[in-house]
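These notes concern the structure reproduced below.
The values are calculated or read from the model by the stated rules, or taken from the named source; none is laboratory data. These numbers come from a predicted model, not from an experiment. Glycine also receives a Cβ, built like all others from the backbone with ideal geometry; neighbour counts cover every protein chain displayed. Just the protein is used for accessible areas: all its heavy atoms, side chains included, with ligands, DNA and RNA removed. Shrake-Rupley method; radii C 1.70, N 1.55, O 1.52, S 1.80 Å.
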Amino acid sequence: MKLQLRFLPFLAFAILALLFAMWAGLLRMGWALPAFDNLAIAHGPLMVSGFLGVLIPLERAVAIRQKWMFGVPIIAGVGWVSLLFAPRVGAVLLTLGSLGTLAILGVMVKREPHIHTITMGVGALAFVVGNFLWMMGLPIFQIVFWWMTFLVLTIGGERLELSRVLKPTPGQIRLFSLVAAALVAGAILATFDLNSGSRLGGAAMLGLGFWFLRYDLASRNIRHPNPLTRYIAICLFGGYFWLVIAGGMFLYHGALYAGPLYDAALHAVFVGFVFAMIFGHAPIIFPAILGAQIKFYPVFYAHLILLHLSLITRIVGDLTNQMEIRKWGGLLNETAILLFLALTVFPLSKGGRNNAHHHALVYQSRTRLPRFGFGGGNLAAGRERCGDVPRLPTPVDLRLADPIDLRRRHLDVSNAQQRTSART
């Protein structure tokens, strides 16, 4: 499969934001490194609004393929660069980027108004609120629950979408909705009463973590014979445990403004939960965006294991007030992420058939269409010309197709239904 370079600059913007955020993180932990004004204080915004603020709308834009959507990661990319030199301008651009992310989710919710898209839409709204409050000058410790709500609900919506093969009961969906609503309520409350909001948000994260451990598709795939599917499930399970740990810390300690406990609770979410999700889905998401294969190797477990062990080390240092242990744990956190980037980029240059490629081939064969590329054309229109009627994915598709293909399939079904309704 030929590497599609058209989306590579977008990914470069995201990865550069990640590298600058990691540089800023080392400065905040006390490592003596070269620095410039505004870098250290930009650590959180660079990670959330820079790195993920580019990557998440890019994934949506590739799936939906409306040209205006690619402007969103561009705005976010220019925003995080501006943040380093003109913080006020950067904050405005990053907030505009989050508004663009919300607009993309609005399109998704309009086309497919189901619990998983609504969940992601509410997450995007939390992203906008958090960025707006940060732009208006509220301290990060007061608005960080908005950012956590954005990421937890975005990931939660993705997992709901992929877990429909298990046919969750109405009671399970109601329970998820109730706990997700409590997470949003915690973010709102934390803006005015940090102690109460932190405890409510912590209880919600605790509940969502247990919900995922019990009902997510990963619970079925953790012993799957396919090594890539099993690796993804193990990544997800580790992330869910970190979400439970973070929720427990916020529930127990309440308001956290700074210091070791603040560091431990936040990074249990942003490193333990979020990066475990990124590690798990990268072998599928990157091929879908770049049109190139990533071959799965057992060595992928190296950066996953290092991530968990280094985070444990960091949190032990936080809880025992051993700053040197904390510093080394943080450094190893970033080493794990760099190792992940290296082991992900290297297979892109290798090519060849692999497990991630097999995921796409299974999807394409079941749609009875030639293999498609991201270079041009409308997939739904192509199916009309071929006389093919889009259909909802089967349980096999849900296990094997990557999330971008799955979302595209549902959007194609929605478009076909709207065209049919218009004709009749």
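Counting only helices (runs of 4 or more DSSP H) that sit completely within the range 159-236, those holding 1 or more residues that are open to solvent by 10 Å² or more (accessible area, probe 1.4 Å) and closer than 22 Å to Gly130 by Cα correspond to 170-192, 194-215. Within the range 66-85, the set of residues being open to solvent by 30 Å² or more (accessible area, probe 1.4 Å), in contact with a helix residue (DSSP H, G or I) (Cβ under 9 Å, 6 or more places away or on another chain) and either assigned to a helix (DSSP H, G or I) or within 18 Å of Met120 (Cα to Cα) (or both) comprises Lys67, Trp68, Phe70, Ile74, Ile75, Val78, Val81. Tallying residues that are surrounded by 20 or more Cβ atoms within 10 Å (Cβ to Cβ) and either among the hydroxyl-bearing types (Ser, Thr, Tyr) or within 16 Å of the chain's Cα centre (by Cα) (or both) within the range 237-250 yields 5. Take the conditions in contact with a Gly (Cβ under 7 Å, 6 or more places away or on another chain), within 23 Å of Ile140 (Cα to Cα) and without any contact (Cβ under 8 Å) to a residue 60 or more places away in the chain and apply them to Leu251. Does it pass? Judged against the criteria, Leu251 is a match.
Per the listing Leu133, Leu105, the residue uniquely under 28 Å from Ile232 (Cα atoms) and touching a residue at least 24 places away in the same chain (Cβ under 8 Å) is Leu105.
For the range 286-308, the tally of residues that are modelled with pLDDT of 80 or more, under 23 Å from Ile56 (Cα atoms) and either hydrophobic (A, V, I, L, M, F, W, C) or more than 19 Å from the chain's Cα centre (by Cα) (or both) stands at 3. Search the range 34-63 for residues that are at positive phi and pair each with any residue that is of a type outside the set (Asp, Glu) and open to solvent by 10 Å² or more (accessible area, probe 1.4 Å) when their beta-carbon atoms are under 6 Å apart and the residues are at least 6 apart or on different chains. So the pair list comes out as Asn38/Pro87.
Take the conditions (1) touching a Lys or Arg at 6+ places or on another chain (Cβ under 7 Å); (2) touching a residue at least 24 places away in the same chain (Cβ under 8 Å); (3) surrounded by 20 or more Cβ atoms within 10 Å (Cβ to Cβ); (4) not hydrophobic (A, V, I, L, M, F, W, C); Gly30 misses just one of them, which is (3).
None of Ile284, Ile312, Ile294 is part of a helix (DSSP H, G or I) and either surrounded by fewer than 20 Cβ atoms within 10 Å (Cβ to Cβ) or touching a Phe, Trp or Tyr at 6+ places or on another chain (Cβ under 6 Å) (or both) except Ile312.
Scanning the range 23-76 for residues that are aliphatic (A, V, I, L, M) and touching a Pro at 6+ places or on another chain (Cβ under 6 Å) turns up Val54, Leu58, Val72.
Among the residues of the range 189-220, those that are of a type in the set (A, V, I, L, M, F, W, C), closer than 12 Å to Leu175 by Cα and out of contact with any Lys or Arg (no Cβ under 9 Å at 6 or more places or on another chain) comprise Ala204, Leu208, Phe210, Trp211.
Is it the case that Ile289 is hydrophobic (A, V, I, L, M, F, W, C) and either assigned to a loop (DSSP other than H, G, I, E, B) or open to solvent by 10 Å² or more (accessible area, probe 1.4 Å) (or both)? Considered against the rule, which asks whether it is hydrophobic (A, V, I, L, M, F, W, C) and either assigned to a loop (DSSP other than H, G, I, E, B) or open to solvent by 10 Å² or more (accessible area, probe 1.4 Å) (or both), Ile289 comes out as no.
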